[in-house]
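Chemist: Before anything else, here's the structure in question.
The values are calculated or read from the model by the stated rules, or taken from the named source; none is laboratory data. Just so it is clear, the model here is predicted, and its values are computed rather than measured. A quick note on method: Cβ atoms are made from the backbone with ideal geometry, for glycine too, and the neighbour counts reach across all protein chains shown. With ligands, DNA and RNA removed, areas are computed over all heavy atoms of the protein, side chains included. Shrake-Rupley method; radii C 1.70, N 1.55, O 1.52, S 1.80 Å.
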Amino acid sequence: MSAKEALEQQVKDQADMVRKLKAAKESKERIAEEVSKLLDLKAQLVAEDGTVAPTNVNQKFTLKTAKGTRDYSPEQMALRLSVLNKIVAVFKKHGAVTIDTPVFELKEVLTGKYGEDSKLIYDLKDQGGEILSLRYDLTVPFARYLAMNKISNIKRYHIAKVYRRDNPSMSRGRYREFYQCDFDIAGAFDPMIPDAECIKIVAEILDSLNVASYVVKVNHRLLLDGMFEACGVPLDSFRSICSAVDKLDKASWQDVKKEMVEEKGLSEAAADQIGEYVKLNGGKELVEKLLNDDKLSKNKSALEGLEAIKLLLGYCEIFYISDKVSFDLSLARGLDYYTGVIYEAVLLGDASKGEEVSVGSVAGGGRYDNLVSMFDVKNKQVPCVGVSLGVERLFAVLEQKIHAANRKVRTTEVDAYVCTAQKNLVEERLKLCNQLWEDDFKVEYSYKKNPKLLAQLQYCEENSIPFAIILGESEIKNGVVKLRNVLSREETEVKRSALADELRRRLGELNLNGTVPA
């Protein structure tokens, strides 16, 4: 069988598979994935003379985004930019600078930093002699940046896309390509001071976005290690057991215990002891209780972790965020690079409305003191602590909230639309627009020479432009304009010389940041 015949047989087999999937009413995603493979195979059937083979003549190309990715409409982008601007404002308030790093790294830079999640890294084909992978997060590239540039002290934020070969859940804001917003403090400082500020930053951001009620869960890797040791977990199983505990926000204790015992070889007695601890959460009173616990009080690592949490909770009181913080022993965060405090912000549903108690994690982070030294030839340590916001989930929650409130997002930031009421006034319209642009207003106008006034006003309403400025022959003669509030449809006559001040005053009275009634 020739290569072409073999390829034709593959096309036939793949086409049969697609037909079977459609007959079995499989999911649209699965069918689209197999159709995409079929189209790829057909595309390879190119005749020797360079023309497309007959099997490809009537091909219908399926237009779709890649699995786990999406396009964003103007409304969605307006919301995203509004959210990102608020996040950046908080980062800047705390003195951060920003950096950027390549979207792909040498594969060896990313290898071995993410524990079991390393299987989710996207590898790229060899291009030009380098083995590369798409970045999985922004933390490891940041550590590489510090080591490469010999930086030992910086407070930085970074907002960029990351990539994970995960099983996507579009409805819950989980994608294969998505934005992360990271804030990190690198440098040797006294215990828990920068750590507490990272939690404060999370609280400030979630409060500014007004998404929902939330809780920031905190724990400590030393306490987890001490707890595992006290419960009889072998030292070489700490990380794998930690990874199992990390699934408690998505799975029941019975499922997690089954994984520990049946898949990871932990004794049932040890698993049961861990189960007693990971059900605990609270505040300072829980810390005091555990400091007197028979098992943990005899373990050096556990005691060190508990003292650190006690100090952290004290700083949280000073920052007035104690009511938002919960010491939770089920929090594990499976990434291998964490060395100290770990935390995770979780949105809470409204039980009175039948919503889930926990909507999901929207931020997470912790201390990673040894990551930079992995990249330094002299193993120089640069202590770091940081937080990463899962903005895709925040976007999803905010979109649902706006839809439920029957509101719509403004897609432009236009302050006013210059209208003309009669024909042959295009030059006057352009003169007024230019005057307003010179005064730093965001202004639009019709590109038609003689547009109808009703069409111009409808454009304002459809695009949520707050003000229309109407010019007619009498207004031009008298040196005035009509300033129309698009929402209320009230019109006021304003002198041209006073227009800028009056428009600025009225804009100051409006809340244009976000949404308007639908």
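Chemist: Give the calculated FRET efficiency between Glu490 and Ala6 to the nearest 0.05, with a Förster radius of 56 Å applied to their Cβ-Cβ distance.
Modeler: Values: r = 75 Å, r/R0 = 1.33.
That pair, Glu490 with Ala6, gives E of 0.15.
Chemist: Using a probe radius of 1.4 Å on heavy atoms only, what accessible surface per residue do you get for region 3-49? Whole Å² is fine.
Modeler: Working: 3330 Å² over 47 residues.
Ligands and nucleic acids excluded, the result is 71 Å² per residue.
Chemist: How big is the dipole moment of region 103-165 about its Cα centre under a simple scheme where the beta carbon of each Lys and Arg is +1, that of each Asp and Glu is -1, and everything else is neutral? Debye, nearest 20, please.
Modeler: On the way: 12 positive and 8 negative charges, 60 e Å.
The dipole magnitude comes to about 280 debye.
Chemist: Let me know the longest stretch in the chain that avoids all chymotrypsin sites (Phe, Trp or Tyr not before Pro) found in a DSSP loop with at most 11 other C-beta atoms within 10 Å.
Modeler: Working: sites that count: Phe61, Tyr72, Tyr320, Tyr447.
In short, 73-319.
Chemist: About the Cα centre of region 416-513, how large is the charge dipole given +1 on each Lys and Arg Cβ and -1 on each Asp and Glu Cβ? Please answer in debye to the nearest 20.
Modeler: Numbers: 16 positive and 16 negative charges, 58 e Å.
Dipole about the Cα centre, nearest 20: 280 debye.
Chemist: Just from the alpha-carbon atoms, what are the Rg and Dmax of region 106-153 in angstroms?
Modeler: 11.8, 35
Chemist: Here is a follow-up. Please identify the helices of the chain, taking whole runs of DSSP H, that span at least 20 Å along their own axis as judged from the Cα atoms and have a mean Kyte-Doolittle score of 0.5 or higher. Intermediate results must be reported in sequence, preceding the final value.
Modeler: On the way: long enough: 3-23 (30 Å, -0.93); 28-44 (24 Å, -0.64); 74-93 (28 Å, 0.38); 193-209 (25 Å, 0.92); 300-318 (28 Å, 0.68).
Flagged H segments are 193-209, 300-318.
Chemist: Would you calculate the separation in nanometres between label points at Gln381 and Ala500, each defined as 7 Å from the Cα along the Cα-to-beta-carbon direction?
Modeler: Spacing of the two 7 Å Cα→Cβ label points: 6.0 nm.
Chemist: Still on this model: Where the centre of each part is set by its Cα atoms, how far does region 202-249 sit from region 280-350, in angstrom?
Modeler: When both Cα centres are located, 9 Å separates them.
Chemist: Next up: Could you list, in their original order, any pairs among Lys92/Lys284; Lys113/Lys250; Lys119/Lys155; Lys22/Lys42; Lys42/Lys64; Lys113/Lys247 whose Cα atoms are separated by more than 26 Å?
Modeler: On the way: Lys92/Lys284 31 Å; Lys113/Lys250 23 Å; Lys119/Lys155 30 Å; Lys22/Lys42 19 Å; Lys42/Lys64 17 Å; Lys113/Lys247 18 Å.
With Cα atoms farther than 26 Å apart: Lys92/Lys284; Lys119/Lys155.
Chemist: Restricting to DSSP loop positions (anything but H, G, I, E, B) with no more than 15 other Cβ atoms inside 10 Å of their own Cβ, which trypsin sites (Lys or Arg not before Pro) remain in region 398-464? It would help to have the intermediate numbers written out before the result.
Modeler: On the way: sites: Lys401, Arg407, Lys408, Arg410, Lys423, Arg429, Lys431, Lys442, Lys448, Lys449, Lys452; in loops: Arg410, Lys423, Lys442, Lys448, Lys449, Lys452.
Here the sparse-neighbourhood loop sites are Lys423, Lys442, Lys448, Lys449, Lys452.
Chemist: Excluding same-chain residues fewer than 8 positions from Lys431, which aspartates and glutamates have a Cα within less than 16 Å of its Cα?
Modeler: Partners within reach: Asp439, Asp440, Glu444, Glu473, Glu475.
Chemist: May I pose another question? Specify whether the C-alpha gyration tensor of region 88-173 places it in the rounded, prolate or oblate class, a ≥ b ≥ c being the square roots of the eigenvalues: rounded for a/c under 1.5, otherwise prolate if a/b is larger than b/c and oblate if not.
Modeler: oblate
Chemist: What's the center-to-center distance, using Cα atoms, between region 103-155 and region 363-427 in Å?
Modeler: About 23 Å separates the Cα centre of region 103-155 from the one of region 363-427.
Chemist: Run through region 454-507 and list the GluC sites (Glu not before Pro) located in a DSSP loop whose Cβ has at most 10 other Cβ atoms within 10 Å.
Modeler: On the way: sites: Glu461, Glu462, Glu473, Glu475, Glu490, Glu491, Glu493, Glu502; in loops: Glu490.
Taking region 454-507 and a limit of 10 other Cβ atoms within 10 Å, the loop GluC sites (Glu not before Pro) found are Glu490.
Chemist: Sticking with this one: Label-point separation (nm) for Lys431 and Asn450, each offset 7 Å from Cα along Cα-to-Cβ?
Modeler: So the two model labels end up 2.0 nm from each other.
Chemist: With a ≥ b ≥ c taken as the square roots of the eigenvalues of the C-alpha gyration tensor of region 313-450, please select rounded if a/c is under 1.5 and otherwise prolate if a/b is larger than b/c or oblate if it is not?
Modeler: On the way: a/c = 3.67, a/b = 2.04, b/c = 1.80.
Since a/c reaches 1.5 and a/b is larger than b/c, the shape of region 313-450 is classed as prolate.
Chemist: Separate question: Choose one of Leu290, Gly226, Pro168: the residue whose Cα lies farthest towards the positive end of the charge dipole of the chain (beta-carbon charges +1 Lys, Arg; -1 Asp, Glu; about the Cα centre).
Modeler: Pro168
Chemist: Rounded if a/c is under 1.5, else prolate if a/b is larger than b/c, else oblate: which is region 171-210, with a ≥ b ≥ c the root eigenvalues of its Cα gyration tensor?
Modeler: Numbers: a/c = 3.62, a/b = 1.73, b/c = 2.09.
Oblate shape, in that a/c is at least 1.5 and b/c is the bigger or equal ratio.
Chemist: Taking the Cα centre of the chain as origin and charging only Cβ (+1 Lys, Arg; -1 Asp, Glu), how large is the dipole, in debye to the nearest 20? Write out the running numbers ahead of the final one.
Modeler: Details: 76 positive and 79 negative charges, 279 e Å.
Approximately 1340 debye in magnitude.
Chemist: Return the long-range amide H neighbours of Leu132 (sequence gap of 5 or more, or a different chain), with a cut-off of under 5 Å between placed amide H atoms.
Modeler: Correct list: Lys107, Leu124, Gln127.
Chemist: Projecting each Cα onto the charge dipole of the chain (Lys/Arg +1, Asp/Glu -1 at the beta carbon, about the Cα centre), which of Ala188, Asn485, Ala143 comes out farthest on the positive side?
Modeler: Asn485
Chemist: Also: Run through every distinct alpha carbon pair of the chain and return the Kirkwood hydrodynamic radius in angstroms, one decimal place.
Modeler: Values: mean 1/r = 0.0364 Å⁻¹.
About 27.4 Å, per the Kirkwood formula over Cα pairs.
Chemist: Another question about this same structure. Quick check on region 105-253: what does the Kirkwood estimate of hydrodynamic radius come out to from the alpha carbon pairs, in Å? Present the calculation step by step, with values, prior to reporting the outcome.
Modeler: Values: mean 1/r = 0.0544 Å⁻¹.
Result for region 105-253 stands at 18.4 Å.
Chemist: Follow-up question, since we're still on this one. Counting only the backbone N, which residues of region 127-150 are under 16 Å from the spot 7 Å out from the Cα of Lys107 toward its beta-carbon?
Modeler: 127-136
Chemist: Along the positive direction of the dipole of the chain (beta-carbon charges: Lys, Arg +1; Asp, Glu -1; about the Cα centre), which of Gly128, Asn379, Leu266 reaches farthest?
Modeler: The residue sitting farthest along the positive end of the dipole is Gly128.
Chemist: At 7 Å along the Cα-to-beta-carbon direction for both Thr65 and Ala32, put a label point, then send me their distance in nm to one decimal.
Modeler: That separation, rounded to one decimal, is 0.9 nm.
Chemist: Also, quick follow-up: Taking the Kirkwood radius as the inverse of the mean 1/r across Cα pairs, report the Rg/Rh of region 233-345.
Modeler: Values: Rg = 14.5 Å, Rh = 15.0 Å.
For region 233-345, the value is 0.97.
Chemist: Please report, as a whole percent, how much of the solvent-accessible surface of the chain comes from carbon and sulfur atoms (probe radius 1.4 Å). Display every interim value, and only then the final one.
Modeler: On the way: 13660 of 27190 Å².
Its accessible area is 50 percent carbon and sulfur atoms.
Chemist: Under the definition of Cα pairs under 8 Å and six or more residues apart, what whole-number percent is the relative contact order of region 416-513? Write down the numbers at each step before the final one.
Modeler: On the way: 131 pairs, mean separation 25.2, N = 98.
Relative contact order for region 416-513 comes out at 26 percent.
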